[in-house]
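Participant: I have a structure I would like to understand better, so I am pasting it below and will then ask my questions one at a time.
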Amino acid sequence: MSWFIAPVLTGLVSATIFFVVRTTVLRRKNAYALSFWTLPPFVLITTWVNMYFVFTKGAKKTLSSSSDWTDSKAAWVSAVIAAGVTILCIFVALPLLRRMASNHFDSEGNAIQGMPTAFSPQTASEMRTLDEIAAGSNQVSPVDAEPAQLTRWQKFSKAATHGMDVDIHKIVKTDDKIHEIHESAELFEPRVEYAFSYLQVFSAICVIFAHGAGEVGYMAGPLATIWDVYKKGQLSKNVQPPIWVILIGAIGLVIGLATYGYNVTRAMGVKLAKLTPTRGFAAELATAFVIMIASQYGLPTSSSQCITGAIIGVGILEGSKGVNWTQFLKQFASWVATLFVIGLAVAAVFAQGIYTPSKIQGKEVTMYEDRVTNLTTQVYKDFNSSLQSYRPVAAQGLLVNLPNTTWNDLNATVAVNANAAKNLIDPKKTQSVAVESILDALYKSLSLVQNNSVFTLGQSTVFPGADICIDPSTTNLTTVACTSPKLLPSFAVKT
């Protein structure tokens with residue numbers, strides 16, 4: 001249920017954040033001046049969320065034991081760091097930001113032509129430079145220009161970086177529905193959006209932490225489990241992935257984003273709703289906040305679903321036409337389809353290994369192990385029943401070959417070995433067991449019975465020195481005649 005509740009909750013949080021920012025700052029006449037007063041509190045909150053994520057999801061597991069590095073400690077350490085960053089923001093970042101804004105915009109808030117900015121002040125729907133907007137240029141950008149001759153390395157580099165060169169906002173001009181959503185969205189003072197574009201970097205870092213913590217884990221988990229089984233020969237309940245496994249997942253995530261991520265970026269950031277720095281900040285901060293809360297309670301969430309809910313929450317504040325519901329239905333259908341497609345694909349691959357004609361007879365091996373282990377435990381039960389029947393006389397010292405100390409040792413040995421044999425086929429204790437371990441357990445039980453049976457004790461009485469046959473020493477074997485039957489070596493040692 002959390003996968004359905006989390007996007008709704010994220011949408012409510014993002015809508016609340018953007019509503020507060022829009023009411024208290026964006027719709028005010030002195031919005032630009034107010035933005036510099038609101039940036040420090042937002043920096044404080046965003047930095048705290050970032051650092052809390054780091055300390056609770058990463059540093060807690062690597063820098064200290066979980067008992068020493070508590071969540072409360074992570075909270076106040078994050079607060080101290082956030083306060084320090086906020087002080088730097090007030091005395092260093094804000095003056096620089098104000099100076100850069102004055103270089104990009106005049107006193108009326110109009111963009112200065114010739115200065116690149118992060119958005120178009122005319123439509124706020126395309127990430128193009130102001131020179132292109134002012135000139136109304138339709139000529140092909142240098143990125144789209146195809147050189148006459150490319151070297152092999154240039155071709156490879158162009159193919160590898162293709163995703164970073166795609167203009168994801170081009171669809172705003174070619175798709176009427178998306179164009180209408182972007183054109184009908186409320187516009188705010190460009191200088192305020194410019195200021196929030198730097199704050200959005202902090203909120204984006206929040207989402208990166210949340211996304212990386214989840215997505216890298218999804219990739220590293222199966223590989224780490226396979227590696228752990230290969231190294232230990234059994235399936236452990238908890239697996240600590242090696243750092244190289246995490247690096248493989250992280251590198252794969254980055255490569256995927258660089259090469260093909262523009263499709264997801266275009267779908268989420270352009271097609272679904274109109275996003276500007278203020279709207280993006282609200283959506284990203286809400287996503288990080290909800291995922292952080294869910295992770296503390298161990299609830300499964302998807303960062304993709306949460307950010308989708310956050311974007312819809314921001315878009316709904318523009319009215320029913322602020323969200324591309326057709327695009328949302330496509331994304332929702334893809335979520336549902338992914339579960340079935342991936343599930344069937346994994347089942348097909350797994351079935352290939354399970355039902356292949358040349359497979360090892362797994363069922364027969366399991367049945368063999370279970371029956372041998374059951375036989376072993378039954379031997380221990382019978383031995384224990386006989387042993388318990390002699391408890392009173394052994395305690396009184398009436399049995400020469402079974403004094404009280406020997407009885408206690410045998411009783412402890414039976415308890416330890418019987419429990420170990422039982423655990424061999426208990427899936428809660430052992431997921432995989434070697435066949436030799438099953439046979440060793442049976443061998444111990446038979447050895448215990450034989451070396452402590454009435455027959456063996458009587459043999460030692462009638463043939464003194466018969467137990468020396470158990471000794472593997474070559475000298476003893478050559479000097480002492482081993483009377484049949486030869487005894488099994490005793491493995492029933494108390495542990």
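Participant: In the range 304-347, what residues are touching a helix residue (DSSP H, G or I) at 6+ places or on another chain (Cβ under 9 Å), more than 26 Å from A204 (Cβ to Cβ) and β-branched (V, I, T)?
Facilitator: Once the filter is applied, which keeps residues that are touching a helix residue (DSSP H, G or I) at 6+ places or on another chain (Cβ under 9 Å), more than 26 Å from A204 (Cβ to Cβ) and β-branched (V, I, T), the range 304-347 yields only T326.
Participant: A further question on this structure: Quick one: in the range 273-299, of everything that is surrounded by fewer than 24 Cβ atoms within 10 Å (Cβ to Cβ) and touching a Ser or Thr at 6+ places or on another chain (Cβ under 6 Å), which residue is nearest to L39 (Cα to Cα)?
Facilitator: For the range 273-299, the residue satisfying everything is P277.
Participant: Look at T225 and say whether it is farther than 30 Å from R98 by Cβ and either touching a Phe, Trp or Tyr at 6+ places or on another chain (Cβ under 6 Å) or surrounded by 15 or more Cβ atoms within 10 Å (Cβ to Cβ) (or both).
Facilitator: Values: farther than 30 Å from R98 by Cβ: yes; either touching a Phe, Trp or Tyr at 6+ places or on another chain (Cβ under 6 Å) or surrounded by 15 or more Cβ atoms within 10 Å (Cβ to Cβ) (or both): yes.
Spelling it out, T225 is indeed farther than 30 Å from R98 by Cβ and either touching a Phe, Trp or Tyr at 6+ places or on another chain (Cβ under 6 Å) or surrounded by 15 or more Cβ atoms within 10 Å (Cβ to Cβ) (or both).
Participant: Here's a follow-up. Which pairs have Cβ atoms under 7 Å, sit 6 or more apart or on different chains, and link a residue in the range 227-255 that is in the same structural domain as G163 (by the TED database) to one that is of a type in the set (D, E) and part of a helix (DSSP H, G or I)?
Facilitator: Taking only residues 6 or more apart or on different chains, the pairs are S236/D228; V239/D228; L253/E215.
Participant: Can you report the number of residues in the range 364-386 which are closer than 30 Å to W407 by Cβ, among the aliphatic types (A, V, I, L, M) and loosely packed, with under 12 Cβ neighbours inside 10 Å? Outline the logic, then answer.
Facilitator: Here is the first cut: in the range 364-386, the residues closer than 30 Å to W407 by Cβ are 372-386.
Okay, now just the ones that are also among the aliphatic types (A, V, I, L, M), so 372, 375, 379.
Next cut, loosely packed, with under 12 Cβ neighbours inside 10 Å only: none.
Residues meeting the conditions: 0.
Participant: Considering L398, L446, which residue is more than 30 Å from Y230 (Cα to Cα), modelled with pLDDT of 85 or more and not assigned by the TED database to the domain that holds K231? Walk me through how you get there before you give the answer.
Facilitator: On the way: L398 fails: modelled with pLDDT of 85 or more.
Just a single option satisfies the conditions, and that option is L446.
Participant: Here's another thing I want to ask about it. Kindly check whether there is at least one residue in the range 46-63 that is modelled with pLDDT of 90 or more and either farther than 30 Å from L187 by Cβ or touching a helix residue (DSSP H, G or I) at 6+ places or on another chain (Cβ under 8 Å) (or both). Quick ask: steps written out before the conclusion?
Facilitator: Step one: of the range 46-63, the residues modelled with pLDDT of 90 or more are none.
No, the conditions are met nowhere in the range 46-63.
Participant: Somewhere in the range 148-165, is a residue of a type in the set (K, R) and either touching a His at 6+ places or on another chain (Cβ under 8 Å) or outside any helix (DSSP H, G or I) (or both)? Lay out the reasoning, then the answer.
Facilitator: Initial filter on the range 148-165 (of a type in the set (K, R)): 152, 155, 158.
Remaining after also requiring either touching a His at 6+ places or on another chain (Cβ under 8 Å) or outside any helix (DSSP H, G or I) (or both): none.
Checked against the condition, which is being of a type in the set (K, R) and either touching a His at 6+ places or on another chain (Cβ under 8 Å) or outside any helix (DSSP H, G or I) (or both), the range 148-165 yields no hits at all.
Participant: For the range 257-292, what are the residues that are among the charged types (D, E, K, R) and farther than 16 Å from A204 by Cβ?
Facilitator: R266, K271, K274
Participant: Does the range 274-284 include one or more residues that are part of a loop (DSSP other than H, G, I, E, B), more than 22 Å from the chain's Cα centre (by Cα), assigned by the TED database to the domain that holds S78 and touching a residue at least 40 places away in the same chain (Cβ under 8 Å)?
Facilitator: Going through the range 274-284, the residues part of a loop (DSSP other than H, G, I, E, B) turn out to be 274-276.
The next check asks that each one be more than 22 Å from the chain's Cα centre (by Cα); those that pass are 274-276.
After this cut, where a residue has to be assigned by the TED database to the domain that holds S78 as well, the list is 274-276.
Now narrow it down to the ones that are touching a residue at least 40 places away in the same chain (Cβ under 8 Å): 274, 276.
So far as the range 274-284 goes, yes, one or more of its residues are part of a loop (DSSP other than H, G, I, E, B), more than 22 Å from the chain's Cα centre (by Cα), assigned by the TED database to the domain that holds S78 and touching a residue at least 40 places away in the same chain (Cβ under 8 Å).
Participant: Can you confirm whether the range 132-141 contains a residue that is among the acidic types (D, E), closer than 26 Å to P277 by Cβ and modelled with pLDDT of 80 or more? Give the derivation first.
Facilitator: So in the range 132-141, the residues among the acidic types (D, E) come out as 132.
Imposing the further condition that a residue be closer than 26 Å to P277 by Cβ reduces the set to 132.
When the remaining residues are screened for being modelled with pLDDT of 80 or more, the result is none.
No, that holds for no residue.
Participant: For the range 392-419: of the residues being not in a helix (DSSP H, G or I) and not polar (S, T, N, Q), which is surrounded by the fewest Cβ atoms within 10 Å (Cβ to Cβ)? Give the derivation first.
Facilitator: Just the residues of the range 392-419 that are not in a helix (DSSP H, G or I), to begin with: 396-403.
Going one step further and asking which of them are not polar (S, T, N, Q), we end up with 397-400, 402-403.
Values: G397: 10, L398: 11, L399: 14, V400: 8, L402: 18, P403: 14.
If we take residues in the range 392-419 being not in a helix (DSSP H, G or I) and not polar (S, T, N, Q), then V400 is surrounded by the fewest Cβ atoms within 10 Å (Cβ to Cβ).
Participant: Under 24 Å from the mean Cα position of the chain (by Cα) and surrounded by 12 or more Cβ atoms within 10 Å (Cβ to Cβ): does that describe A310? I'd like the intermediate steps shown before the answer.
Facilitator: On the way: under 24 Å from the mean Cα position of the chain (by Cα): yes; surrounded by 12 or more Cβ atoms within 10 Å (Cβ to Cβ): yes.
When the stated conditions are applied, A310 passes them.
Participant: Here is a further query. Using the structure shown, decide if A337 is assigned to a helix (DSSP H, G or I), farther than 25 Å from F42 by Cα and outside the structural domain of T56 (by the TED database).
Facilitator: Yes: the conditions hold for A337.
Participant: Something else now. Just checking, how many residues over the range 215-271 are assigned to a loop (DSSP other than H, G, I, E, B) and within 15 Å of the chain's Cα centre (by Cα)?
Facilitator: Pass one, the range 215-271, residues assigned to a loop (DSSP other than H, G, I, E, B): 233-242.
Cutting the leftovers down to within 15 Å of the chain's Cα centre (by Cα) gives us 238-242.
Count: 5.
Participant: Can you pull out the residues in the range 1-27 that are among the β-branched types (V, I, T) and surrounded by 21 or more Cβ atoms within 10 Å (Cβ to Cβ)?
Facilitator: Let us first name the residues in the range 1-27 that are among the β-branched types (V, I, T), namely 5, 8, 10, 13, 16-17, 20-21, 23-25.
Result: T10, V13, I17, V21, V25.
Participant: As an exercise: evaluate H182 against (1) at pLDDT 90 or above; (2) more than 25 Å from C306 (Cα to Cα) and give the number of the one condition it does not meet.
Facilitator: (2)
Participant: Just checking, does the range 98-105 include any residue being under 20 Å from S203 (Cβ atoms), modelled with pLDDT under 90 and more than 28 Å from the chain's Cα centre (by Cα)?
Facilitator: So the first thing to find is which residues in the range 98-105 are under 20 Å from S203 (Cβ atoms), and the list is 100-101.
From what is left, the residues that are modelled with pLDDT under 90 are 100-101.
Filter again for more than 28 Å from the chain's Cα centre (by Cα), leaving 100-101.
Within the range 98-105, one or more residues are under 20 Å from S203 (Cβ atoms), modelled with pLDDT under 90 and more than 28 Å from the chain's Cα centre (by Cα).
The values are calculated or read from the model by the stated rules, or taken from the named source; none is laboratory data. Values in this document were obtained by computation on a predicted structure and should not be read as measured data. Glycine gets a Cβ as well: all are built from the backbone with ideal geometry, and neighbour counts include every protein chain shown.
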